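Heads up: the structure comes next, in structure tokens.
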Amino acid sequence: MTYFLGIDPGKQGGLSVVDISGKLLLTEVMPNEGTDISPHELWNLVGRIKGEFPEVRCWCERVNSRPGSSGKAMFTFGKGFGYLVMVLVGHKIPFQLVPPSTWSKEMHRGIGQQFTDTKSRSLAMSRRLWPDETWLRGSRTRIPHDGMYESALIAEYGRRKEVSMQSSPD
């Protein structure tokens, strides 16, 4: 069975897995060590995902520089993204990079204009698709973690793309 790993990269990002039917099987926050992504914990997490879901394919948000960010911040972000790519390559997980505007346009369809920002739209759609999921990082947390719900939407976006490619005539 094919599984779909969605990744919202960055220190506050997340990783989620859905199956071919769109059922959410796993959602985790990006492992951190101080102010950086932890390459060792990321390696272990992705290895566990590959072990549980051997036929996993990854869809990862393609990131760009942000105007106004310091050089140090951009270097740290780029280093974390490099860790992520190398962990996927090391575990032999095929991956696609998808721009945020592409996956969010598809996944925010049907969400009303009452939500003024993309994070609110993403949370609303995530709650619609997986109503039993709280998106909380832990039992003491009260605010949904955007890395968790956005990585789930990226995984679902990848699933929909793969399913539509399989069902379209050649």
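By Kyte-Doolittle mean hydropathy of at least -1.0 and Cα axial length of at least 18 Å, which whole DSSP H helices of the chain are selected?
Taking the DSSP H segments of the chain (at least 18 Å long, mean hydropathy at least -1.0), we get 39-52, 71-90, 146-167.
Give the calculated FRET efficiency between Ser70 and Gln12 to the nearest 0.05, with a Förster radius of 22 Å applied to their Cβ-Cβ distance.
Working from the Cβ atoms, E equals 0.85.
Show the residues, 5+ positions off or on another chain, whose built amide H is closer than 5 Å to the amide H of Gln96.
Under 5 Å from the amide H of Gln96: Cys58, Trp59, Cys60.
For the chain, modelled as a GNM with alpha-carbon contacts under 10 angstrom, which of Pro54, Pro31, Pro67 fluctuates the most?
Its mean-square fluctuation being the largest, the pick is Pro67.
Would you mind getting the accessible area per residue of the chain, heavy atoms of the protein chains only, 1.4 Å probe, in Å²?
On the way: 9400 Å² over 170 residues.
Ligands and nucleic acids excluded, the result is 55 Å² per residue.
Report, ordered by chain and residue number, the aspartates and glutamates lying within cross-link reach of Lys119, taken as a straight Cα distance under 20 Å and ignoring same-chain residues fewer than 8 apart.
Excluding near neighbours in sequence, the set is Asp8, Glu28, Glu61, Glu106, Asp132, Glu133, Asp146, Glu150, Glu156.
Rounded, prolate or oblate: pick one for the chain, where a ≥ b ≥ c are the square roots of the eigenvalues of its C-alpha gyration tensor, a/c under 1.5 means rounded, and failing that, prolate if a/b is larger than b/c, else oblate. The partial results should precede the final answer.
Working: a/c = 1.36, a/b = 1.11, b/c = 1.23.
Rounded.
Whose amide H sits under 5 Å from the amide H of Met30, counting only residues 5 or more places off or on another chain, with H placed in the peptide plane?
Answer set, sorted by chain and number: Gly13, Gly14, Leu15.
Return the FRET efficiency for the residue pair Thr118, Thr2: r is the Cβ-Cβ distance, R0 is 25 Å, and the value is rounded to the nearest 0.05.
Efficiency at R0 = 25 Å is approximately 0.35.
By a straight-distance test (C-alpha under 24 Å), which lysines pair with Lys50 as possible cross-link partners, with residues fewer than eight away in the same chain excluded?
Within the straight-line limit of under 24 Å, Lys50 reaches these lysines: Lys11, Lys23, Lys79, Lys92, Lys161.
If you plug each phi of segment 138-144 into the Karplus form 6.51 cos²θ - 1.76 cosθ + 1.60 with θ = phi - 60°, what whole-Hz ³J(HN,Hα) values come out, in order, with x for Gly and Pro?
Ordered by residue, 3J(HN,Hα) equals x, 5, 8, 8, 10, 9, x Hz.
How would you classify segment 10-51 from its alpha-carbon gyration tensor, with a ≥ b ≥ c the square roots of the eigenvalues: rounded for a/c under 1.5, else prolate if a/b is greater than b/c, otherwise oblate?
Oblate is the answer for segment 10-51, as a/c is 1.5 or above yet b/c matches or exceeds a/b.
Springs between alpha-carbon atoms under 10 Å, Gaussian network over the chain: tell me which of Leu15, Leu153, Leu123 tops the mean-square fluctuations.
Per the Cα network of the chain with a 10 Å cutoff, Leu123 tops the list.
Ignoring any ligand, DNA or RNA, what whole percent of the accessible area of the chain comes from carbon and sulfur when the probe is 1.4 angstrom?
Result for the chain: 52 percent of the exposed heavy-atom area is carbon or sulfur.
For segment 89-170, what class follows from the C-alpha gyration tensor (a ≥ b ≥ c being the square roots of its eigenvalues): rounded when a/c is under 1.5, otherwise prolate if a/b is larger than b/c, else oblate? Please list the in-between numbers first.
Working: a/c = 2.11, a/b = 1.37, b/c = 1.54.
Taking the square roots of the gyration eigenvalues as a ≥ b ≥ c, segment 89-170 is oblate.
Evaluate the relative contact order of the chain (contact order divided by residue number), counting alpha-carbon pairs under 8 angstrom at least 6 apart; express in whole percent.
Here the relative contact order equals 34 percent.
If you build a Gaussian network model of the chain, linking Cα atoms that sit under 10 Å apart, which residue out of Ser70, Ser126, Ser101 swings the most?
Among Ser70, Ser126, Ser101, the largest mean-square fluctuation in the Gaussian network model of the chain belongs to Ser70.
The values are calculated or read from the model by the stated rules, or taken from the named source; none is laboratory data. What you see is a predicted model; the values in this text were computed from it and never measured. Cβ sites come from the backbone with ideal geometry, for glycine too, and all protein chains shown count toward neighbours. What goes into the accessible areas is simple: the full protein's heavy atoms, side chains included, and nothing from ligands, DNA or RNA. Shrake-Rupley method; radii C 1.70, N 1.55, O 1.52, S 1.80 Å.
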